[in-house]
Amino acid sequence: MKDFPKEPPVDLGLAKSFGLHEDEYSRVVSTLGRIPSYAELGVFSVMYSEHCSYKSSRVHLRRLPTTGPKVVQGPGENAGAVDIGDGFCAVFKMESHNHPSFIAPFQGAATGVGGILRDVFTMGARPIASLNSLRFGRPDHPRTKELLSGVVKGIGDYGNCIGVPTVGGEVYFDKSYDGNILVNAFTVGIAKTAGLFFGKASGIGNAVIYVGARTGRDGIHGATMASAEFDDKSEKKLPTVQVGDPFMEKLLLECCLEIFATDCLEGVQDMGAAGLTSSSVEMASRAGNGVELDLDSIPRRTTKLTPYEMLLSESQERMLMVAKPGREHEVFELCKKWDLDVAIIGRVTDTGRFVCKATPGYDPLDDQPVPRDPRVVVDIPVPMLVDDAPRYERPQREVPPDPVASAVIGPTIKDASAELLALVGSPNIGSRQWIWRQYDHVVRDGTVVRPGAADAAVVRVFCEDGARTIEKYLALSVDCNGRHVQLDPYMGAAMAVAECARNLACVGAESLGLTDCLNFGSPEKPETMWRFSRSIDGIRDACNALGVPVVSGNVSLYNETDGQPILPTPTVAIVGQLREVEDRVTLGFHAGMQVASLGTPARGALGASEWLTSKVGEVTGEPVGIDLAAEARLQKLLIELAHKRVLGSAHDVSDGGIGVCLAESCLATGVGCTIELGLSSGRELAKLFSEEPSRAVISYAPQHEASVRAAAQAAGVPFAVIGTTGGDRLRIDRVVDLGVLALADAHRRALECIVGPE
Amino acid sequence: MDIAVVVFPGSNADFDALHATRDVLGAKARYVFHKDTSLGAADAVIVPGGFSYGDYLRTGAIACFSPIAEAIRQFADQGGPVLGICNGFQILTELRLLPGVLTRNAHLRFECRDIYLRVGARGPFTHSIPQGRVLRMPIAHGDGRYQCDPATLARLHKHDQIAFHYCDAQGNVGKGPTVNGSIEEIAGVYNEQKNVLGLMPHPERASEALLGSDDGFQLFAALRAHLQGKAA
């Protein structure tokens, strides 16, 4: 009888090199009552990683509001779900793939998309649209071009191939991301509420079935890698990046949806971070059961895989299913139809333990495999890995407001036209056309409002209920401006939620639910932990004020390189619904309309604005803050006006201030406007570029003025007629006079400084 | 009117084709899985867009070896109307039902955006559209650059097989920047018998005003008129 290949002896030093802390390791030894095996140490290290255990964030995440009348499934499952009526729900989640994308931008981003798609279809939902939120370093950083091109190509390659439209997103460039980019991927799918599937290993004795791609050595320890900072040796981490195959995922998607339709499963979960280990352990944990795996029967594409490697591989496009008794053959038949590998690899047990067996030296890929004689290589109580995993209330240190920074106001504006043109053509504000044209954003015949046409994407979904098909319309947006979070984490995070919901309100949609992706630096730094905690409070209060529950999310910590953290970036995405598709409002002006502003006009605070940051080179200035009650009133009004169908356009004031807002409404449709804001010169011009929130610019046919004014008055929202649309120039008081064509040209070419001319 | 929409592993615009023909046109449209060997009682066949077999080896290449391929070939040989959209066009060229090949876009990127097409050759999918009319619909492809040798190009002209050219909003061909580098800005071609059409743009994604354009519906309306004319 052969033995397992020689593995290093397990001790504290090895545990530390696996990312475990000393006290975590000693707790493992004392609870197990013995030294863990090498494979077990691997299991502990991934399950105790920040990525899987949420050990630093869990105590804070509890403060988020997660309930509401529309919530079908809150956090804790593979994705969240909200009711969209007639027995259907929208299933969605956002996830980070930051660390892998920095090491290998194409594969990192591609597998990020693959992972989030699986999280959604694992729930029994057909994915119908994706968004992404990206952060790169400064535009002239030597790696920015390669990272941007690779990430966009990776997202496009995966999403285009599998046939899920990528309908929107956001991108920022800031030097804080020079050494640590962010790739957050969002997918929403549609399911019958009664047909949702959950990640539960129920039914003692039921078969645990492996479906999909064979296991290789790729992505081993990916979750641990994603839970550590980068340093100058990070390039050596390449083998920890997974490799994606969107064709395989497309087969897996169609096959899974057909398997789900037979109702032969008890539970299902995709093998994502920490692969087979986390999927089987989490399924067992949710059901309060144990699971016993026979590693000899794992389908594999590489020879000589050790138990450790099989347990920790993050090979993509794999699912773990638990079949109802006697119905395994239905899974096998559909896998045959779709030419997918399938194997029974274990059973659900009543022991409450995670047990894995393997035969030393056995390899099914050998010409003559040694006889099977499995031995126990892992035997761990499930609660140790999930419910009793470490969690920390890490120390925090408040970062008080800096009065010196708050007083920074930047240079005096002399030529507002030139300043506005430069902003419109800047990488942070200009057109993302170069990006979204590389994504198939029209597949599935549902994209009603395409990228760039409105504040949010609008997607038609077909809810098929027997012979009856009901068409529904979802609105989607993803937002976060990390600079505002940096200046004031509480207000900045609240502003991210507010802007996202406001984007939906501008197209006329009611927000149903939110998913977040909280990207921060090292939780072991008290200042970062304080920012994280304050951001949670900001999200909580904004969600409560706007009536939007959090239904799923993800935390990505340790986003720093050589001790330099990223801007705190609590990205949020919201799914909303339009009452009727005719309610939808886009952002481009049409001629002959009256233009009005909604919300309190800017006082001129420039903190964290694109204009001030571009002038000073630092995130600084007077924080703008947000009045959540005023925000809620504004959003209610925008939706009401959409329902009345009186609006020609609606566009919220955000990055670049009202100047950029007006310019974008002009260049979207090539229609100019003449605006009076009462600005003359000097410091007053700051009001053009202030990013104070809770404002929008609308246009409507003049005969609707009285009804719009009355609605605003009744809603308690400040309303002011500020001009008219028409012509081919954008004129603001006597301070801005620009041709719409010149604006459109600058806007279109905004990314040329990074990717070159088209 | 019975329309078969062929589903290869990796097809992803199969639903789009089904929706446009079943829900918008009102035909009896259904999927036919690639492992089937019969198209049933189909009056017309659509080979939809996507990434059949992951586009591994060469776009459309492996689909030719699927069991259903022979049935498509026979249906076409018997004069049945066959429409290949995007990856379907690529498959039909690999099946040698259409001349020419589709290679990587000249700019080397996948590109999704609305383009304009000028209608040319007449056939079951275009006979009722006035020649020279400009249609707007989306493209979404990385490998849409139509190429063929000079002899093939001469035959295309001689037999009036060029169904669509990329053009500008006014219908001018070759005045603006090229869409993907296709020879003579060719976007779609018929076979010599004019019953098989392949095009890179997506008429099935431009068949409802709600989606931004219903110009593509004219191809399906032409097919309906063609089949009704035959039945009468």
Legend entry - Assigned charges on the beta-carbon of Lys, Arg, Asp, Glu; the stretch A:63-123 dipole about Cα centre (debye): 160 debye
Legend entry - the stretch B:98-142-the stretch A:1-63 distance, computed between alpha-carbon centres (Å): 57 Å
Inset, instruction - Just report the Cα centroid separation between the stretch A:129-201 and the stretch A:688-745, whole Å. - result: 33 Å
Inset, instruction - Determine the gain in length on full extension of the stretch residue A:408-residue A:30; use 0.36 nm per residue of separation and subtract their C-alpha separation, reporting nm with one decimal. - result: 130.5 nm
Inset, instruction - Return A:676, A:560, A:282 ranked ascending by Cβ neighbour count within 10 Å, so the fewest neighbours appear first. - result: A:676, A:560, A:282
Legend entry - Binned Cα-Cα distance frequencies in the stretch B:20-142 - 5 Å width, integer %: 2, 9, 16, 22, 21, 17, 10, 2, 0
Inset, instruction - With a 10 Å radius around each residue's Cβ, average the other Cβ atoms per peptide and rank A:327-335, A:39-47, A:27-35, highest first. - result: A:39-47, A:327-335, A:27-35
Legend entry - Cβ-derived FRET efficiency at R0 56 Å, residue B:107 paired with residue A:387, nearest 0.05: 0.60
Legend entry - Among B:191, B:87, B:105, residue whose mean-square fluctuation peaks in a GNM of chain B (springs only between Cα atoms under 10 Å): B:105
Inset, instruction - Can you tell me the relative contact order of chain A? Whole percent, Cα pairs under 8 Å, sequence separation 6 or more. - result: 15 percent
Legend entry - Distance (nanometres) between label positions extended 7 Å along Cα→Cβ at residue B:147 and residue A:616: 5.5 nm
Inset, instruction - Report, in debye and to the nearest 20, how large the dipole of the stretch A:671-758 comes out about its Cα centre when Lys and Arg carry +1 and Asp and Glu carry -1 on their Cβ. - result: 160 debye
Legend entry - Separation of alpha-carbon centers, the stretch B:157-215 and the stretch B:23-67, rounded to whole Å: 21 Å
Legend entry - Simple Cβ-charge dipole of the protein assembly as shown, Lys/Arg +1 and Asp/Glu -1, about Cα centre, in debye nearest 20: 1160 debye
Legend entry - Contact order normalised by residue count of the stretch A:1-94, Cα under 8 Å, 6+ apart, percent: 15 percent
Inset, instruction - Please figure out what share of the DSSP beta bridges in the protein assembly as shown is antiparallel and state it in percent, rounded to the nearest 5. - result: 75 percent
Legend entry - Local net charge near residue A:435, Cβ-Cβ under 14 Å (Lys/Arg +1, Asp/Glu -1): +4
Inset, instruction - Please order A:354, A:532 by the number of other Cβ within 10 Å, starting at the fewest. - result: A:532, A:354
Legend entry - Among A:38, A:365, A:520 the positive-end extreme of the charge dipole of chain A (Cβ point charges): A:520
Inset, instruction - Run through the DSSP bridge list for chain B and note the antiparallel percent, rounded to the nearest 5. - result: 60 percent
Legend entry - Peptide A:160-168 - average C-beta neighbours from other chains (10 Å radius): 4
Inset, instruction - Just round it to a whole percent: the fraction of Cα-Cα distances in chain A exceeding 53 Å. - result: 12 percent
Inset, instruction - Report the FRET efficiency, 1/(1 + (r/R0)^6), for residue A:337 and residue A:580, where r is their Cβ-Cβ distance and R0 is 22 Å, rounded to 0.05. - result: 0.05
Inset, instruction - Taking the Cβ of each residue in A:192, A:250 as the centre, tally the other Cβ atoms inside 10 Å and list the residues starting with the fewest. - result: A:192, A:250
Inset, instruction - Taking a cut-off of 22 Å between Cα atoms, list the lysines near residue A:337, but don't count ones fewer than 8 places away on the same chain. - result: A:250, A:324, B:35
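Computed from the coordinates by the stated procedures, all read-outs in this text should not be read as laboratory data. None of these values were measured; they are calculated from a predicted model. A quick note on method: Cβ atoms are made from the backbone with ideal geometry, for glycine too, and the neighbour counts reach across all protein chains shown.
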